[in-house]
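This report refers to the structure that appears directly beneath it.
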Amino acid sequence: MVLLDGAHRLRALMMLGAYLAPVAMLNYDAVGLKGWVRLYAYGPEALADLRQVAEVLEVKERPGGALLIRLGGGDQAYYDLLSFERRGNELQGVVAPSSLARLHHRTLVVIPPPPSKDLVLRAALTGRLLPPRSTRHITEAKRLVYRIPLSSLMRSPVTT
């Protein structure tokens, strides 16, 4: 079994000492996968940092000042973004690619290559996590609402 979404939340629960975590079990073949467009603070230093750690294919300024940056490098682009963020470039948000036309403020808009299921599975199996908010898993399970008090996750499981 592989945890495909929420690995960062699971680590947080473990750091808090939780014994349990809510999950939904799915057939990954039936799950759709898309990526997010990542938003960072605008600035020449940030663009220089990105060029140092990632393969930048295209830079295009949009009306309103948003700077669109398309990355190459395939799956490696996601780990390049981790390096970029470790240099102090904090992720300010994510948007769906279809929302790009609505961005009208000065921001770096980074468009990584589409993630593959193979990338997601390798990240889960090796423990080499992708940056938070890298993938959008499209599934009916997203509509599930878990109302589980944190205190109930902290109790030791019953053993027989």
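Every read-out reported here was derived from the displayed coordinates using simple, explicitly stated rules and does not represent laboratory data. Remember, predicted model here, so these are calculated numbers, not experimental data. Methodologically, a virtual Cβ is constructed for each residue, glycine included, from the backbone with ideal geometry; neighbour enumeration extends over all protein chains shown.
Toward the positive end of the charge dipole of the chain, with +1 on the Cβ of Lys and Arg and -1 on the Cβ of Asp and Glu, the farthest Cα among A123, P113, A7 is that of A7.
Taking the longest Cα principal axis of the chain as reference, the axis of helix 117-126 is set at about 60 degrees.
Built from the Cα atoms of segment 33-137, the convex hull projects on average onto 6.1 nm², one quarter of its surface area.
Taking the longest Cα principal axis of the chain as reference, the axis of helix 76-86 is set at about 90 degrees. Among DSSP beta bridges lying fully in segment 33-137, give the percent that are antiparallel, nearest 5. So the antiparallel bridges in segment 33-137 amount to around 80 percent. Along segment 107-113 the Karplus relation, 6.51 cos²θ - 1.76 cosθ + 1.60 evaluated at θ = phi - 60°, assigns HN-Hα couplings of 7, 8, 10, 9, 10, x, x Hz to successive residues, with x for each Gly and Pro. Taking amide H as placed 1.01 Å from N in the peptide plane, the amide H of L57 sits under 5 Å from that of R70, L71, G72, each at least 5 places away or on another chain. Within segment 124-156, find all residues whose amide N lies under 11 Å from a label point positioned 7 Å from the Cα of R9 along Cα-to-beta-carbon. Under cut-off, by backbone N: 142-148.
Post the alpha-carbon centroid distance, segment 1-41 to segment 109-160, in whole angstrom. If you average the Cα positions of each part, the centres end up 1 Å apart. Taking packing as the residue-averaged number of other Cβ atoms within 10 angstrom, the listed peptides 53-63, 79-89, 101-111 run from highest to lowest as 79-89, 101-111, 53-63. The simple spin-label model puts a point 7 Å past each Cα toward its Cβ; for L121 and E90 those points are separated by 3.7 nm.
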